[in-house]
Amino acid sequence: MIKYLFLPIAIFITSAFVHILVFRILKKFKIISFKSTAVFLIGLVINIFWLKFPLSAVFLYLLLSGIYILFLTGPILGDPSPSFIILSLLRRKKMMDKNEILASFSDRNLVGKRITSLTSAKLIVKKGHKYYVTKRGMKMAAIVNGYRNIFHWEAGG
Amino acid sequence: MRFIMDKDIGILIFSILGFVLYVFIQFLIFRFVKSEKVIKGIVDVYLFTGFIQLLSESVMLGVAPAIYSFILYTLLVANYIIGIFGLVESSVRIRILMEINSQGRRGIKEKEINIKYNKKIILEKRLKRMIASGELKLDKGYYQLNKRLSFYNIAEMFYRIIWYLYK
């Protein structure tokens, strides 16, 4: 069991290091893309075809890679989570009042940047001075609404 | 080595069943949980379902496969919370999409979005949530970290390492 626990973890860590290298090299050429995460597929191929690991070990590798890729959205999209920034600020400054915390953020960084990334993901489109949801965005919004309705929750965020 | 091969499917099934039970319980009880208490709810349901999975599998397959399943179950829940639940419940990007969607064909200007959803709303909601989950404490108008290991602290630590490695 130890072998099937630690080997997938070791392959995952190696894949993550290779990804860091690939990402940094591509970044020098100003190419920042989620496609770089394809590196993790190599690890998956090694798990399945070369080492012929049991399904649970392959699953372990997939789940570790999944979480890692989810955490990568911040660095790749260039917008860290506001909650994590609050924690980092408080770690550095020990204590802050609400106004100090609010002053550490701007609407441009919190909202404007995300509007830009929604536009590049083609979920919204700008026509004149206004933004509209695309068909793709509507589908996404319908899924989110459906999910939120299960919990009877109002707007998130 | 043979041991995990023999119990491979069992390990997988128990971890997936644990996860399905987690989602089911979450759907049942989260409609009664206030949005700011959501972190505590996530941890409580995770521990409760994990305990059931660990106990039942230990009896049926043995302790070692149960631990392996529990690891898989933990990762499944983490993927779900970060990738689906967190996205719908607290993503700023998704909230902006919903605001624009609610305007339909009329569309909305960036200024109007900022009136409805701005840094004050975003940050106050997070501060409230982190106070409710015990991540922060509010003392005489000042916010401070509660020094203990927590869901947010672990995630934030991991997040900082990733930012450092990828900067």
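Short version: ³J(HN,Hα) in whole Hz for each residue of segment A:71-86, in order, from phi by Karplus 6.51 cos²θ - 1.76 cosθ + 1.60 (θ = phi - 60°), x for Gly and Pro, what are they?
With the stated coefficients, segment A:71-86 comes to 5, 6, 4, x, x, 6, 7, x, 9, x, 5, x, 4, 5, 5, 4 Hz.
Give the dimensionless ratio obtained when the Cα radius of gyration of segment B:87-167 is divided by 2.2 N^0.38 Å.
1.41
Could you pull out every one of the lysines with an alpha carbon less than 18 Å from that of A:Lys3, ignoring same-chain neighbours closer than 8 positions?
Partners found: A:Lys52, B:Lys7.
Averaged over A:107-115, how many beta carbons belonging to a partner chain fall within 10 Å of each residue's beta carbon?
6
Counting only other chains, and only Cβ atoms inside 10 Å, what mean value do you get across the residues of B:66-75?
3
Count the net charge of all other residues whose Cβ sits under 12 Å from the Cβ of A:Met95, scoring Lys and Arg as +1 and Asp and Glu as -1.
+4
What aspartates and glutamates could a cross-link reach from A:Lys94, if we take a straight Cα to Cα line under 18 Å and drop same-chain neighbours fewer than 8 places away?
Filter leaves B:Glu135, B:Asp139, B:Glu156.
With an 8 Å cut-off on Cα pairs and a minimum separation of 6 or more residues, tell me the relative contact order of chain B in percent.
About 23 percent, as a whole number.
When averaged across all projection directions, what area in nm² does the alpha-carbon convex hull of segment A:19-157 cover?
13.5
Tell me which residues come under 5 Å, amide H to amide H, from B:Leu61 once H is placed; ignore anything under 5 positions away on its chain.
Residues meeting the criterion, in which the H sits 1.01 Å from N, do not exist here.
Compute the orientation-averaged projected area for segment B:2-90 from the convex hull of its Cα atoms and round it to one decimal in nm².
Directional mean of the projected Cα hull area for segment B:2-90 stands at 5.5 nm².
For chain B, modelled as a GNM with alpha-carbon contacts under 10 angstrom, which of B:Lys34, B:Lys128, B:Lys137 fluctuates the most?
Of B:Lys34, B:Lys128, B:Lys137, the most mobile in the Gaussian network model is B:Lys34.
Give the span of segment A:2-77's Cα atoms along each principal axis, as three whole-Å numbers ordered largest to smallest.
Projected onto the principal axes, the Cα atoms of segment A:2-77 cover 39, 21, 16 Å.
For B:Lys167, what is the net charge nearby, where nearby means another residue's Cβ is under 12 Å from its Cβ and Lys, Arg count +1, Asp, Glu -1?
+3
Work out from phi, with θ = phi - 60° and the Karplus expression 6.51 cos²θ - 1.76 cosθ + 1.60, the ³J(HN,Hα) of each residue of segment B:106-121, listed in order in whole Hz, and give x for Gly and Pro.
With the stated coefficients, segment B:106-121 comes to 5, x, 8, 7, 4, 4, 5, 4, 5, 6, 6, 9, 9, 4, 4, 5 Hz.
Towards the positive end of the charge dipole of the protein assembly as shown, with charges on Cβ (+1 Lys, Arg; -1 Asp, Glu), say which of A:Leu72, B:Ile108, B:Tyr166 has the farthest Cα.
B:Ile108
Relative to the Cα centre, what is the charge dipole magnitude of the protein assembly as shown, using +1 at the beta carbon of each Lys and Arg, -1 at the beta carbon of each Asp and Glu, and rounding to the nearest 20 debye?
Taking the Cα centre of the protein assembly as shown as origin, the dipole is about 1600 debye.
Out of A:Ile143, A:Ile115, A:Ile13, any idea which swings most in a Gaussian network model of chain A, alpha carbons joined below 10 Å?
Among A:Ile143, A:Ile115, A:Ile13, the largest GNM mean-square fluctuation belongs to A:Ile143.
In whole Å and largest first, what semi-axes does the C-alpha gyration tensor of the protein assembly as shown yield when each eigenvalue is scaled by 5 and square-rooted?
For the protein assembly as shown, the semi-axes come out at 35, 24, 21 Å.
Hey, got the Cα dimensions of segment B:4-161 along the principal axes, in Å, largest first?
61, 46, 34
Among the listed pairs A:Lys127/B:Lys111; A:Lys113/B:Lys40; B:Lys34/B:Lys125; A:Lys126/B:Lys109, give every one whose C-alpha distance is greater than 21 Å.
Violating the 21 Å Cα-Cα cut-off are A:Lys113/B:Lys40.
Please report the net charge: other residues with Cβ closer than 10 Å to the Cβ of B:Ser90, K and R +1, D and E -1.
+3
None of the figures in this text is laboratory data; all of them are computed from the coordinates on show. Only a predicted model underlies this, so the values are computations on that prediction, with no experimental measurement involved. Virtual Cβ from ideal backbone geometry, glycine too; neighbours counted across all protein chains shown.
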